[in-house]
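Quick notes on the structure that follows.
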Amino acid sequence: MPTPPPATAPVPADVVEIERVLTRIAYLAGRARQHERLMALVGLPLDRAAVAILRYIAESEPLRPGVLAVRLSVEASHVTRQLRQLEQLGHVVRIPDPDDGRAQRIQLTDSGLAAVNRIRDVSRRGMEMALADWSSEDLRHLAALFHRLVDDFVTHAEAAVDVSVDASA
């Protein structure tokens with residue numbers, strides 16, 4: 001007979017509520033209909049994954065496709081398919097990796113940067129409309145809490161990876 005999992009302390013109600021609300025926000029932000037509306041407004045034929053890749057590349061230095069996949073926590077084959085689409089549309093190009101002549105990195109083109117800027121602009125305008133009744137103080141406070149949340153998520157994720165690597169050693 002399998003051993004039942006060890007009993008754990010109940011999760012605090014505030015944490016349960018935060019997880020519930022974040023799940024709802026992710027759902028609302030990631031809906032297909034929302035994405036289709038965004039793409040119609042910016043005039044681009046990109047799927048959600050391609051947009052995520054474009055936005056990530058715009059915020060970083062040119063990266064190898066494999067590194068990009070790791071940072072986005074997706075399969076390399078998924079990134080490869082998306083990059084092919086983005087290359088065909090002229091939004092990204094492959095450039096030689098200065099550290100390894102056999103490898104390539106992905107870089108935005110001027111067209112790709114313009115696309116990202118249009119996406120950001122429309123997305124930010126939608127956010128601005130949703131938060132129109134919030135005070136400047138509330139917006140600053142929310143932004144600070146989101147930064148803290150992201151930093152803590154990143155720290156926790158890295159600690160979890162370190163623990164799993166140590167456990168497998």
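The values are calculated or read from the model by the stated rules, or taken from the named source; none is laboratory data. None of these values were measured; they are calculated from a predicted model. Cβ placement follows ideal geometry from the backbone for every residue including glycine, while neighbour counts extend to all protein chains displayed. Heads up: the accessible areas ignore ligands, DNA and RNA and are worked out on the full protein's heavy atoms, side chains in. Shrake-Rupley method; radii C 1.70, N 1.55, O 1.52, S 1.80 Å.
So is A167 over 30 Å from E36 (Cβ atoms), at pLDDT below 95, open to solvent by 80 Å² or more (accessible area, probe 1.4 Å) and among the aliphatic types (A, V, I, L, M) or not? Judged against the criteria, A167 is a match.
Candidates are the residues of the range 102-134 that are open to solvent by 80 Å² or more (accessible area, probe 1.4 Å) and assigned to a strand (DSSP E or B); the one that is nearest to E36 (Cα to Cα) is Q104.
Every residue, every condition in (1) surrounded by 15 or more Cβ atoms within 10 Å (Cβ to Cβ); (2) of a type outside the set (S, T, Y), yes or no:
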position	(1), (2)
P12	no, yes
E17	no, yes
T23	no, no
A26	no, yes
R31	no, yes
V42	yes, yes
E59	no, yes
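Checking each residue in the range 66-111 for being among the hydroxyl-bearing types (S, T, Y) and modelled with pLDDT of 90 or more picks out S77, T80, T109, S111.
In this structure, is V70 without any contact (Cβ under 8 Å) to a residue 40 or more places away in the chain and either crowded, with 16+ Cβ neighbours inside 10 Å or under 18 Å from R48 (Cβ atoms) (or both)? No: the conditions fail for V70. If V92 satisfies every condition in (1) surrounded by 15 or more Cβ atoms within 10 Å (Cβ to Cβ); (2) over 16 Å from E61 (Cα atoms); (3) not small (G, A, S) but one, which is the exception? Exception for V92: condition (2).
In this structure, E137 does satisfy being open to solvent by 80 Å² or more (accessible area, probe 1.4 Å), in a helix (DSSP H, G or I) and at pLDDT 95 or above.
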